[in-house]
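Here's the structure, in structure tokens; my notes come after.
Read the figures in this text as sums done on the coordinates, not as results from a lab. It should be emphasised that the depicted structure is a prediction, and the values quoted were computed from it without experimental measurement. In this analysis, Cβ positions are derived from the backbone assuming ideal geometry, glycine residues included, and neighbour counts consider all displayed protein chains.
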Amino acid sequence: MHVNEVFKKLTVSPDIEGVTLLGGEPFDQAEALVELSRQLKERRLSVMAYSGRTIGELMEKGGACRELVELCDLLIDGKYIRAKAAPLLWRGSTNQNVHFITDKYRYLEPMVNDYNRDFEIFVTGDKLVLTGDPPPQVKALLKDILTRRGNNGRELFC
């Protein structure tokens, strides 16, 4: 798809605040994403990107990678490491870093390390629906409660 087509699809809704660039590895398509990000910025939309590489590696690579970093408002860098998994704001594991490239979201900086992702539990009829990313102890507690109520360890979450 051409960048202009992608831009049109992304900006159909007047209610979007910005676009997040993520997986595979967005910086492997840096040239096209630089063009897209410029168009988004002209519309005053934010750009957030995830990369398995560090900001240092991206900047050292130079060219379009460096330019894309500079167009981002937020960059989350570092590979997801399952052994370091944590329910942090914008990150899946503790080794990942949040970089405030512009001041657009800098007011959120104090929350970055003291925030757990949200979750909700809905009970409707005989179903329990868990959305979001609760801490493991919440999942374990719910599973324990429901198992004792006769669910025999069946999958409990949708």
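Numbers at a glance
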quantity: Label point distance in nm, Lys127-Glu5, each placed 7 Å from Cα along Cα→Cβ; calculated: 3.6 nm
quantity: Mean Cα-pair separation over length for the chain, i.e. relative contact order, pairs under 8 Å, 6 or more apart, %; calculated: 14 percent
quantity: Helical mean residue ellipticity (222 nm; -39500 (n - 2.57) per DSSP H run of 4+; nearest 500) of the chain; calculated: -9000 deg cm²/dmol
quantity: Crossing angle, helix 136-146 versus the chain [Cα axis fit, 0-90 degrees, rounded to tens]; calculated: 30 degrees
quantity: More than 26 Å apart - percent of Cα-Cα pairs taken over the chain; calculated: 43 percent
quantity: DSSP beta bridges in the chain [antiparallel fraction, %, rounded to 5]; calculated: 60 percent
quantity: Under the Karplus curve 6.51 cos²θ - 1.76 cosθ + 1.60, θ = phi - 60°, whole-Hz ³J(HN,Hα) for segment 52-62, x wherever Gly or Pro sits; calculated: x, 8, 7, 4, x, 5, 5, 5, 5, 4, x
quantity: Subset of Lys104/Lys139; Lys9/Lys41; Lys9/Lys127 violating a 24 Å alpha-carbon distance limit; calculated: Lys104/Lys139; Lys9/Lys127
quantity: Inter-label distance for Tyr107 and Lys143, nm, one decimal - labels placed 7 Å from Cα along Cα-to-Cβ; calculated: 4.0 nm
quantity: Stretch gain in nm, segment Tyr115-Lys61, where the contour uses 0.36 nm per residue and the Cα spacing is subtracted; calculated: 16.2 nm
